[in-house]
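Got a structure here, written out as structure tokens. Questions coming.
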Amino acid sequence: MLSVPLHGFVESGTLVSLDKGVELDCQCVEFDDVRYHIQATVKNPNILLLSVSLPTPPPETVFLGGLPPGAIDAIKAAYGPVLQILDPPRDGFNLTVKLNLSKLPPDEEHKQALLVKIASIREVVQGAPLRAVLKQLISRGPKSDLNKLVSLAHRPNESFFVVPQAEKVNVIFPMQFKDSIDTVLATSFLQEFVEARRTAGLSTAPPCSWSPSPPQELKGASDEALSANAGFVSFVIFPRHVDGRKLDRTVWSLSTFHAYVSYHVKCSEGFMHTRMRRRVESLIEALDRAKPESEKAKNTAQSRSFKRLSIKDGRGSSMNSR
């Protein structure tokens, strides 16, 4: 969902640079304060520079060289020779990569799939530590860091937590909102979200729970990390949820869960505002219909307006009267 704006920029930049060879300098912002800067030049139209700025991590989250652990290896594995990592990145950004458009697949379908993957670079970078933890569920080798609380950044100075176990992984989100109305709507939305999971059609989805207080797994977290005013949402991920192609979808859904909730909260708020405006308009129309005819005529007479005539108009009217 959130990769569509960046996808549009990447695709447009590719087409423009290849076909027309014009300058390209675009910026876009996604939820959770993730910023992008896309650049292309006339001199070298086959090269596209993409810079990514990630949200500021909280103190309990570990970043290596301005990126989450494993991000560099994840980028190389996901894009191969198409993307080259530039060191150091552009000022104000955590990552800058060079996209060689001449190395895109000639087949249109594969090219489009790769562009979508490039537009999802946020998931590749931010989701690298989460992907490494989830991969252990389906690996047959020895598992490390079992029952260890892992903090992963996903919003400015906010994190969610992962607790890996032998047969499952617990993912816990402290839900924090600045606006009081958003907090109320999000709390109601999350409670309904948990109830919807219990329906028969979603029996294979990851188990989900909500609680107003921190769950037992977050015993070692700091008080600042647990300052959630909309409760705590927990997901239990089993091997069947990360098997095969499901791994990419699970990583994306978990990495952008707070943005998903924020999007629906804002949509609900806008829908309620629209309904209230329509209701007020219908009440005003009902009041107008209930006014007596004499009062309507009086209001109409008082609201008459007069047009100020110019000197030319005044002379024309006097000549007509003669």
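Quick check on Ala225: is it touching a residue at least 40 places away in the same chain (Cβ under 8 Å), in contact with an Asp or Glu (Cβ under 7 Å, 6 or more places away or on another chain) and part of a helix (DSSP H, G or I)?
no
Scan region 228-257 for residues that are in a loop (DSSP other than H, G, I, E, B), of a type outside the set (S, T, N, Q) and in contact (Cβ under 8 Å) with a residue 40 or more places away in the chain and jot them down.
Ala228, Ala230, Gly231, Phe238, Val242, Asp243, listed by residue number.
Examine region 208-221 for a residue that is more than 15 Å from Asn170 (Cα to Cα), in a loop (DSSP other than H, G, I, E, B), at pLDDT 85 or above and hydroxyl-bearing (Ser, Thr, Tyr), and state whether such a residue exists.
yes
Would you tally the residues in region 89-111 being part of a helix (DSSP H, G or I), free of Cβ contacts under 8 Å to residues at least 40 places away in the same chain and either touching a helix residue (DSSP H, G or I) at 6+ places or on another chain (Cβ under 8 Å) or closer than 17 Å to Leu49 by Cβ (or both)?
Total satisfying the criteria: 1.
Now, a different point. Could you check Pro55 against (1) of a type outside the set (A, V, I, L, M); (2) open to solvent by 30 Å² or more (accessible area, probe 1.4 Å); (3) part of a loop (DSSP other than H, G, I, E, B) and say which number it fails?
All conditions pass for Pro55, except number (2).
Going by the structure shown, is Gln126 within 27 Å of the chain's Cα centre (by Cα) and open to solvent by 50 Å² or more (accessible area, probe 1.4 Å)?
Working: within 27 Å of the chain's Cα centre (by Cα): yes; open to solvent by 50 Å² or more (accessible area, probe 1.4 Å): no.
Answer is no for this residue.
So is Lys117 within 19 Å of the chain's Cα centre (by Cα), modelled with pLDDT under 90 and either of a type in the set (Phe, Trp, Tyr) or closer than 22 Å to His241 by Cα (or both) or not?
For Lys117, the condition - within 19 Å of the chain's Cα centre (by Cα), modelled with pLDDT under 90 and either of a type in the set (Phe, Trp, Tyr) or closer than 22 Å to His241 by Cα (or both) - is met.
Okay, next question. Would you check if Ala119 is open to solvent by 20 Å² or more (accessible area, probe 1.4 Å), touching a residue at least 40 places away in the same chain (Cβ under 8 Å) and under 30 Å from Glu158 (Cα atoms)?
So Ala119 fails the test.
Ok, one more. Name the pairs whose Cβ atoms lie under 9 Å apart, with the first residue in region 64-82 and under 15 Å from Gly127 (Cβ atoms) and touching a residue at least 24 places away in the same chain (Cβ under 8 Å), the second open to solvent by 60 Å² or more (accessible area, probe 1.4 Å) and part of a helix (DSSP H, G or I), and 6 or more positions between them or separate chains?
Filtered contacts from region 64-82: Ala78/Lys117; Tyr79/Lys117.
Report the residue count in region 189-202 for those that are surrounded by 13 or more Cβ atoms within 10 Å (Cβ to Cβ) and among the charged types (D, E, K, R).
Final tally of qualifying residues: 1.
The values are calculated or read from the model by the stated rules, or taken from the named source; none is laboratory data. This structure is a prediction, so every number in the text was calculated from the model and none was measured. Don't worry about glycine lacking a Cβ; one is built from the backbone with ideal geometry, like all the others, and counts go over all protein chains shown. Note: accessible area is taken over every heavy atom of the protein model, side chains too, but ligands, DNA and RNA are not part of it. Shrake-Rupley method; radii C 1.70, N 1.55, O 1.52, S 1.80 Å.
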